[in-house]
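Asks: One structure, as structure tokens, below. Some questions next.
Any read-out appearing in this document is the output of simple, stated calculations on the displayed coordinates, not a laboratory observation. Quick caveat: nothing in here was measured; it's all calculated off a predicted structure. Cβ: placed from backbone, ideal geometry, glycine included. Neighbour counts: every protein chain shown.
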Amino acid sequence: MPIPTRLRAIDLMMNIPDGDPTAWYEFIKPLLLDEESREAFKMPAQYMFKDIPEIGDQKDYVQYAIGQMDEWGVERAMLGISGPNSTNLKACRKHPDRFFPSYGANPNNGMDEVRKIRQLHKDHGLRAVTGFPSGLCPQVPLNDKKYYPIYATCVDLDIPICLCVGVPGPRIPMAPQKVEHIDEVCWFFPELKFVMRHGGEPWVDLAVKLMLKYPNLYYSTSAFAPKHYPKAIIDYANTRGADKIMYAGYFPMGLSLERIFTEMQNVPFKDRVWPKFLRDNAIRVFKLE
């Protein structure tokens, strides 16, 4: 069934398209060993994405993003306040009704990172911690002991952790993001709200099995054009998993909101699934009310 027009989405992965987007990917450059990734690509997984949004110069990038959200029915979006894009933090401060903050943690920093998470939560009302295990330098597997203090901190603060799982798009090793690692994490931290990002392929069937097993394990659709949503995820949402699957986009990193919401009209979710997928699950898991 198509998206009900009355629904307004909550996007769990967005950025304010401010300035040079290549600056977003400086952190991953030490891991890129092939010439095409180093010299030719504007973003590290460019070979996977056609029609990466061209934003151009804007007088006010925050208002531009809000305009795109209004046009395509996005009520609120989660922005990462780590990295070089301080505009994300400014947007969260100026428009708390439209944006809420997350922080991309680096477990290689030990207790300094735990203290930073706590300070950001106190100062800015942090709603989640995020991470890219394969993109860290050095890489840190999902079940590595370096992540455990961060997991414990998220439990203590009662905020979700959203981590990339599955084969990464950039040409870097996949081992840290094997979905099987999540089993140990969810077993040892039963109170941790763990949200999978970036698809989980090719282990999507295992991701579904683990969501059936663990009450606090969820899946978001970040970095996937809707026509590529895995069939196993759509089937799970339409049956036992309606409360576990959440919308996340990838604007402006790789997908436009126009493409996402145009293609989404053809996703065969059942009528009862759409409100949960687009907003209700995010409101509950990220405590947005």
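Asks: Between the alpha-carbon centers of the stretch 143-164 and the stretch 255-278, tell me the distance in whole angstrom.
Replies: Using only Cα atoms to place each centre, the spacing works out to 29 Å.
Asks: Same structure, new question: What list of ³J(HN,Hα) couplings, whole Hz, do you get for the stretch 99-107 from phi and the Karplus terms 6.51, -1.76, 1.60, once you set θ to phi - 60° and write x for glycine and proline?
Replies: 9, 9, x, 10, 9, x, 8, 10, x
Asks: Give me the Kirkwood hydrodynamic radius of the stretch 88-134 in Å, from all C-alpha pairs, to one decimal place?
Replies: Kirkwood radius, the stretch 88-134: 11.4 Å.
Asks: About its Cα centre, how strong a charge dipole does the chain have in debye, to the nearest 20, once Lys and Arg get +1 and Asp and Glu get -1 at the Cβ?
Replies: The dipole of the chain has a size of about 740 debye.
Asks: Here is a follow-up. Hey, what's the Kirkwood Rh for the stretch 192-285 if you take every pair of different alpha carbons, in angstrom?
Replies: 13.3
Asks: For the chain, what does -39500 (n - 2.57) per DSSP helix run (n ≥ 4), summed and divided by total residues, give at 222 nm, in deg cm²/dmol to the nearest 500?
Replies: Calculated from helices alone, the mean residue ellipticity at 222 nm is -8000 deg cm²/dmol.
Asks: With only Lys, Arg, Asp and Glu charged, each at its Cβ (+1 for the first two, -1 for the last two), find how big the charge dipole of the stretch 1-152 is about the Cα centre; round to the nearest 20 debye.
Replies: Dipole size: approximately 840 debye.
Asks: Computed FRET efficiency, Cβ-Cβ of Lys29 and Asp158, R0 45 Å: what is it to the nearest 0.05?
Replies: Here the calculated transfer efficiency is 0.80.
Asks: At a 10 Å Cβ-Cβ cut-off, how would you order Phe27, Phe286, fewest neighbours first?
Replies: Placing the least packed residue first, the sequence is Phe27, Phe286.
Asks: For the stretch 78-211, what mean projected area does the convex hull of the alpha carbons give, in nm²?
Replies: Its Cα hull, projected and averaged over all orientations, spans 8.2 nm².
Asks: Please work out whether the stretch 164-216 counts as rounded, prolate or oblate from its C-alpha gyration tensor, where a ≥ b ≥ c are the square roots of the eigenvalues and a/c under 1.5 means rounded, while otherwise a/b larger than b/c means prolate and anything else oblate?
Replies: Prolate, since a/c reaches 1.5 and a/b exceeds b/c.
Asks: List Ile16, Ile3 from most exposed to least, where exposure is judged by having the fewest other Cβ atoms within 10 Å.
Replies: Ile3, Ile16
Asks: Then there is this: Need one word for the stretch 1-148: rounded, prolate or oblate. Basis is the Cα gyration tensor (sqrt eigenvalues a ≥ b ≥ c); a/c below 1.5 gives rounded, then a/b vs b/c decides.
Replies: The shape class here is oblate.
Asks: Where in the stretch 157-240 are there trypsin sites (Lys or Arg not before Pro) that are in a DSSP coil and have at most 13 other Cβ atoms within 10 angstrom of their Cβ?
Replies: Taking the stretch 157-240 and a limit of 13 other Cβ atoms within 10 Å, the loop trypsin sites (Lys or Arg not before Pro) found are Arg240.
Asks: Treat the chain as a sphere of radius equal to its Kirkwood radius over Cα pairs and apply Stokes-Einstein at 10 °C in a medium of 1.306 mPa s; give the translational diffusion coefficient in µm²/s, rounded to a whole number.
Replies: 83
Asks: Shifting gears a bit: If we restrict to alpha carbons, what Rg and Dmax does the stretch 24-83 come to, in Å?
Replies: 14.9, 40
Asks: Could you work out how far apart the two model spin labels at Asn108 and Lys270 are, taking each label as a point 7 Å from the Cα in the direction of the beta carbon, and quote it in nm?
Replies: Roughly 4.6 nm, to one decimal.
Asks: Looking at the calculated P(r) for the stretch 132-193, what percent of the C-alpha pair distances fall above 16 Å?
Replies: 41
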